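Structure first, then comments.
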Amino acid sequence: MDTESTYSGYSYYSGRSRGSHRHGERSRDRHKPRSKDSRSEKSVTINTPPAEPLLGDSAVRGEQVQDDNWGETTTAVTGTSEHSLSQEDIVRITKDLEDSVGLDCRRYFARTLAIILGLLVFFTPLAFLVLPHILWPENLKTCGTACEGLFISVAFKLLILLLAVWALFFRPARAGLPRVYVFRALLAVLVLLFVISYWLFYGVRILESKDDNYQGIVQYAVSLVDALLFIHYLAIVLLELRQLQPCFSVCITRSTDGETRHYNLGQLSIQRAALAIIEHYYCDFPVHNPALLSASKSRAAKHLAGLKVYNVDGEFPAAPAEGPGNNAAAAGIAHSQSRAMIAAAARRRDTSHNELYYEEAEHERRVRKRRARLVVAVEEAFTHIKRMQEEEQKKSPGDIMDPREAAQAIFPSMARALQKYLRTTKQQHCHSMESIQQHLAFCITNNMTPKAFLESYLTPGPTLRYSRDHWRARQWTLISEASVTSSLKDGSIFLLKCVDFSLVVTTKKIPYIQMSEEYIDPKSHKFVLRLQSETSV
């Protein structure tokens with residue numbers, strides 16, 4: 001028997017299985033330890049997830065078994081499909097529905113409270129002016145010219161306050177945060193206490209005594225509106241202006257491929273900073289492609305699968321009876337096997353870089369080849385479009401082809417080259433035939449060049465460029481040791497986790513910059529050039 005490495009009477013090598021392979025595996029299975037003894041040994045087990053696509057795309061699942069000529073050798077069959085759901089899937093779907101219902105209820109409840117508080121604030125000054133005319137109109141003094149001028153002031157101030165509150169607080173919600181926004185809640189409590197205080201004073205000093213000085217009542221309402229305007233200015237400072245000055249530099253790293261970006265943020269809470277980071281992620285990070293990660297996983301699995309264990313000294317003994325001594329012996333055999341497997345894998349790893357080098361070089365060559373074919377096919381298709389446009393100018397207006405029909409007419413000429421390129425670069429799950437035709441019709445409508453059409457497929461773009469299935473219904477989970485309502489601090493670390501990957505966020509405070517001035521005398525830059533009258537001959 002040919003071996004590459006031997007340890008403790010066992011031989012490990014990679015290659016095809018021989019006749020003794022089945023017998024050795026049966027003997028090894030019979031002698032697996034039935035109980036673990038952790039007192040004499042320490043073991044670390046790393047369980048890696050299976051190399052399966054995370055997006056659930058059928059095209060990604062068949063990546064390892066389909067060749068590049070799938071467009072020529074594959075027969076498409078259309079029809080109905082049946083899907084089965086397990087009990088775990090039903091429980092997960094039920095939990096997702098409950099979470100979504102809870103988030104919707106909380107969002108509508110907060111919006112309802114905000115509307116109620118806004119109506120209370122808006123109608124309180126009007127109630128201060130109307131109630132005296134309803135309860136004791138005969139005892140009120142006549143309102144003079146100054147009092148009537150205050151009516152105009154109250155009306156315009158209320159209109160300004162209404163527009164300002166609508167612009168600041170009633171904007172469409174960008175996201176659902178896990179905790180309440182602290183500053184907004186404090187402002188709402190402040191406004192509520194302020195209005196209640198004014199109502200208490202109004203009830204004790206005006207309603208009970210039935211004050212007949214109506215001009216003083218109007219001035220009291222004007223003071224309330226002025227105070228509300230100042231509170232709105234405070235809200236602008238706390239909610240909008242406070243976070244404009246950059247204070248922290250955050251580093252965002254995607255856990256799967258290590259894609260990294262850096263941003264500057266102001267004084268924000270952890271949950272507000274997480275929201276800003278997710279918005280930057282959708283615009284700046286290239287789309288997450290789990291198919292690119294499956295190649296390395298399959299390579300590692302293929303590398304480890306080539307190691308086999310055999311008994312070179314003979315057959316394994318019969319299964320011993322259970323007992324402390326027998327269990328310890330079985331554990332020792334398993335430990336020696338694992339140590340020998342690690343040693344053999346380390347020796348094989350010394351030559352695995354050559355395989356990786358040639359594999360990457362072959363992949364780059366195939367990508368360049370597919371790209372060249374795609375560029376030529378697209379240029380020929382756009383040339384055909386120009387020729388069709390010149391011919392259509394000679395036809396009657398009723399026979400002119402619209403951009404959608406033109407895109408459908410020329411798409412088959414480039415479909416094969418485009419599909420092969422997308423499969424080679426593992427982007428087939430990001431682009432559907434319908435989206436490609438829509439993009440082609442858009443380019444034809446706006447008279448764009450072939451290079452502009454190909455830019456969406458040759459260069460991976462941000463997540464928002466693709467269909468809404470990649471980002472619309474994605475739910476993020478914020479994981480942080482500190483409270484999510486606390487402010488960012490130097491060294492803060494938190495995670496933004498979704499189904500396919502997670503974003504690791506580290507925070508560094510922007511250092512204090514000390515600048516000094518150095519004065520340079522303008523006369524120090526001046527010099528005198530003296531020329532001799534006599535020159536050498």
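Quick notes on this one:
- Test for residue 224: is it open to solvent by less than 60 Å² (accessible area, probe 1.4 Å), in contact (Cβ under 8 Å) with a residue 40 or more places away in the chain, out of contact with any Leu (no Cβ under 6 Å at 6 or more places or on another chain) and over 30 Å from residue 499 (Cβ atoms): yes
- The residue pairs whose first member lies in segment 426-453 and is in contact (Cβ under 8 Å) with a residue 24 or more places away in the chain and among the charged types (D, E, K, R), whose second member is part of a helix (DSSP H, G or I) and open to solvent by 50 Å² or more (accessible area, probe 1.4 Å), and whose beta carbons are closer than 6 Å, counting only pairs six or more residues apart or on different chains, are 426/292.
- Entry remark, segment 241-255: residues being open to solvent by 50 Å² or more (accessible area, probe 1.4 Å) and either farther than 19 Å from residue 164 by Cβ or touching a residue at least 12 places away in the same chain (Cβ under 8 Å) (or both) number 6 in total.
- Yes/no for residue 237 being among the β-branched types (Val, Ile, Thr) and within 21 Å of residue 113 (Cβ to Cβ): no
- Looking across segment 423-441 at every residue that is within 23 Å of residue 402 (Cβ to Cβ) and surrounded by 15 or more Cβ atoms within 10 Å (Cβ to Cβ), the one that is modelled with the lowest pLDDT is identified as 431.
- Looking across segment 190-221, the residues that are over 19 Å from residue 152 (Cβ atoms), open to solvent by 60 Å² or more (accessible area, probe 1.4 Å) and assigned to a helix (DSSP H, G or I) come down to 190, 192, 193, 196, 197, 199, 200, 201, 204, 205.
- Answer residue from segment 95-151, given it is open to solvent by 70 Å² or more (accessible area, probe 1.4 Å) and touching a Lys or Arg at 6+ places or on another chain (Cβ under 9 Å) and is modelled with the lowest pLDDT among those: 139
- Residue 173 being open to solvent by less than 80 Å² (accessible area, probe 1.4 Å) and out of contact with any His (no Cβ under 9 Å at 6 or more places or on another chain): yes
- Considering the conditions (1) buried (at least 16 other Cβ atoms within 10 Å of the Cβ); (2) closer than 20 Å to residue 504 by Cβ; (3) modelled with pLDDT under 90, residue 292 is excluded by exactly one of them, (1).
- Filter result for residue 240 (over 25 Å from residue 497 (Cα atoms), in a helix (DSSP H, G or I), under 26 Å from the mean Cα position of the chain (by Cα) and not hydroxyl-bearing (Ser, Thr, Tyr)): yes
- Residues located in segment 492-534, provided they are part of a strand (DSSP E or B) and aliphatic (A, V, I, L, M): 493, 495, 496, 503, 504, 505
- Boolean, residue 164 is surrounded by 13 or more Cβ atoms within 10 Å (Cβ to Cβ) and without any contact (Cβ under 8 Å) to a residue 60 or more places away in the chain: no
The values are calculated or read from the model by the stated rules, or taken from the named source; none is laboratory data. Note that this is a predicted model, so its numbers are computed, not measured. Here Cβ is always computed from backbone atoms with ideal geometry, including for glycine, and neighbour counts include all displayed protein chains. When the accessible area is computed, the model is the full protein with side chains, heavy atoms only, and any ligands, DNA or RNA have been set aside. Shrake-Rupley method; radii C 1.70, N 1.55, O 1.52, S 1.80 Å.
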